[in-house]
Amino acid sequence: MNFELSIVKTNDIEADLELIFVIGNNFKHRFVADKKLLKKAGFSGEQDTTCLLVGKNRLYVGAMSLQSTALRTAAASALKTLIGKKYKSIKVATYTNEGCTYSIRAMVEGFILGAYRFETYKSKKNENKIKYISISLDEYDNRDIDIEKASLQVHKAQIIADATNFTRDIVNTTPEDCYPKVMASIAKGMAADVGLTCKVLKPKELRKEKMETLLAVGRASRHRSRVIHLTHKPKNAKLTVTLVGKGLTYDSGGLSLKPGLSMVTMKSDKSGGSAVIGIMKAVAELDLPIEVHGFVGAVENMIGGDAYKPDDVLVAKNGKTIEIRNTDAEGRLVLADVLCYAQQEVKSNYLFDFATLTGASVVAVGNYTSSIMGHNKKVQKLVVDAAHNAGEFATALDFNPYLRKTINSQIADICNISNVRYGGAITAGLFLSEFVNKKHKEKWAHIDIAGPAFIEHAWGENPYGSSGAGVRLMVKLLEDLSKK
Ligand code: BES
Ligand code: ZN
Ligand code: ZN
């Protein structure tokens, strides 16, 4: 999708279709040329509703305000409406919240995210035909918009939304086509394209690094495990951030097998790792002036004669022993070793991990929201605020010492599941905390994206399938940290 910024008014721009946002049901605004027709068509102007006036070559979309979140989802809805239609180019005016060009970024993100289709496995493709979008700097409230600032925001939006779609593609790919080795080669290919370094650890090196817990989870799979390490290291970086992602290319549950229905969508258990790969792509393309490392544990959790078992005791990289009582709580085992490895390799100012870690997170906060855990309230808040500013939902969950006791083991240092029924998202976070060393404890946040990572009923800027959760959130946070 190509974007062009122009100082001429939309009337003087040629395009197949004009897109007009109706803001806060204000049909009296000068941009709304078809008030009567829209009323006749029953168009209320509610958020994300659309009305295509074919004869007029105009598409109207409702947005409740000029806030970025409203513009982003409205822009996405407009593009979703055009799927299957023949229009190739659109023109649109500029809508900003009191002149802030961040609104332009939100709108462009919405266009690219809303136009996304995953059609790899469809014989008949039905992709979005929109190739050109002309944005006129004629602003909704007649504000003067600096074209340089606006085009910088368009550029950033393209990088961030493309990275999100890149993550979506990885997650949506079937477990037959995307297994650990493939995930590693996707990361390598991307790294070569954007100028990141990429190191991939194979089982021999993983054994040497004593990542036996991660290896145990992948043991019954015909696909060997991998750990991926991507690095963005600009000169004179002021700050270092480490990202770690759960990349379970499939989670059958292992011997503690998942029930049939719960297993469907478990190709999405690689969403955390895929988000890390997408974030690293954006970080490189934005050339952020901070050092960023992305680690992914790419593993498949399967059953078989060689599978790891409930009753096993595994030894993690940091020497802690783990009693296994459920092989479906495998993500935390993979992350335990990758967290240890990441901290051994890099001393960082912030450490974040992304994982579709628990169904309990979805029960606690719903399908739309990520759960943010950690020992430092300020770090948790950084993540929650960045999520909201980037158009994602996130909320903090508090640790407490009573839940910590529920993962004590009678026979090992710790147990991989809790002995109580409730609070599963938090006990999983507390388990991870055992593998975050003292130096990083206050700098760490765990981001459970189990709710929003995979969408079964399209919402907002997300179609069916992977949402790319975590990418926009973390890129925004890294941008904010770059400015400090
Ligand atoms: N990958 C799942 C968590 C998950 C569930 C992600 C639903 C997305 C949607 C994870 O590995 C898992 O199976 N967790 C168990 C933990 C339990 C055995 C303590 C769960 O949530 O049921
Ligand atoms: Zn599992
Ligand atoms: Zn899992």
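The values are calculated or read from the model by the stated rules, or taken from the named source; none is laboratory data. Since this is a predicted model, take the numbers as computed values, not measurements. Virtual Cβ from ideal backbone geometry, glycine too; neighbours counted across all protein chains shown. Surface accessibility is based on the protein's heavy atoms, side chains included, excluding ligands, DNA and RNA. Shrake-Rupley method; radii C 1.70, N 1.55, O 1.52, S 1.80 Å.
Laid out as a table, the results:
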quantity	calculated
Any chance Val241 is farther than 24 Å from Ile455 by Cβ, in contact with a His (Cβ under 6 Å, 6 or more places away or on another chain), in contact (Cβ under 8 Å) with a residue 12 or more places away in the chain and open to solvent by less than 30 Å² (accessible area, probe 1.4 Å)	no
Which listed residue is among the charged types (D, E, K, R), surrounded by 15 or more Cβ atoms within 10 Å (Cβ to Cβ) and not in a strand (DSSP E or B), from Asp385, Asp398	Asp385
Wholly within segment 266-365, helices (runs of 4 or more DSSP H) carrying at least 2 residues that are away from ligand 3 (no atom under 16 Å from the Cβ) and under 20 Å from the mean Cα position of the chain (by Cα)	271-286, 359-365
Residue match in segment 152-167 (condition: charged (D, E, K, R) and in a helix (DSSP H, G or I))	yes
Selection from segment 447-484 of residues that are under 13 Å from the mean Cα position of the chain (by Cα) and of a type in the set (Asp, Glu)	Asp448, Glu461
Where Ala387 falls short, out of the listed (1) in contact with a helix residue (DSSP H, G or I) (Cβ under 9 Å, 6 or more places away or on another chain); (2) over 21 Å from Ala161 (Cβ atoms); (3) of a type in the set (Gly, Ala, Ser)	(2)
Residue tally, condition more than 22 Å from Ala307 (Cβ to Cβ) and surrounded by fewer than 24 Cβ atoms within 10 Å (Cβ to Cβ), over segment 266-278	0
Arg143 buried (at least 20 other Cβ atoms within 10 Å of the Cβ) and not small (Gly, Ala, Ser)	no
Per-region count, segment 347-374, residues under 12 Å from Val241 (Cα atoms) and buried (at least 18 other Cβ atoms within 10 Å of the Cβ)	5
Residue identified as crowded, with 18+ Cβ neighbours inside 10 Å and within 27 Å of Gly470 (Cα to Cα) among Thr120, Thr174, Thr96	Thr96
Options Ala150, Ala192: the member that is small (Gly, Ala, Ser) and free of Cβ contacts under 8 Å to residues at least 24 places away in the same chain	Ala192
Residue within segment 434-443 that is open to solvent by 10 Å² or more (accessible area, probe 1.4 Å), closer than 30 Å to Asp413 by Cβ and within 16 Å of ligand 2 (Cβ to nearest atom) present	no
Residue satisfying all of: in segment 253-265; surrounded by fewer than 24 Cβ atoms within 10 Å (Cβ to Cβ) and in a loop (DSSP other than H, G, I, E, B); nearest to ligand 2 (Cβ to nearest atom) among these	Gly253
Yes/no for Asp311 being at positive phi and surrounded by fewer than 18 Cβ atoms within 10 Å (Cβ to Cβ)	yes
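So that you can scan it fast, the table gives a plain yes or no per residue for (1) surrounded by fewer than 24 Cβ atoms within 10 Å (Cβ to Cβ); (2) over 14 Å from Leu351 (Cα atoms):
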site	(1), (2)
His446	no, no
Gly451	no, yes
Glu456	yes, yes
Trp459	yes, yes
Pro463	yes, yes
Ser466	no, yes
Arg472	no, yes
Lys483	yes, yes
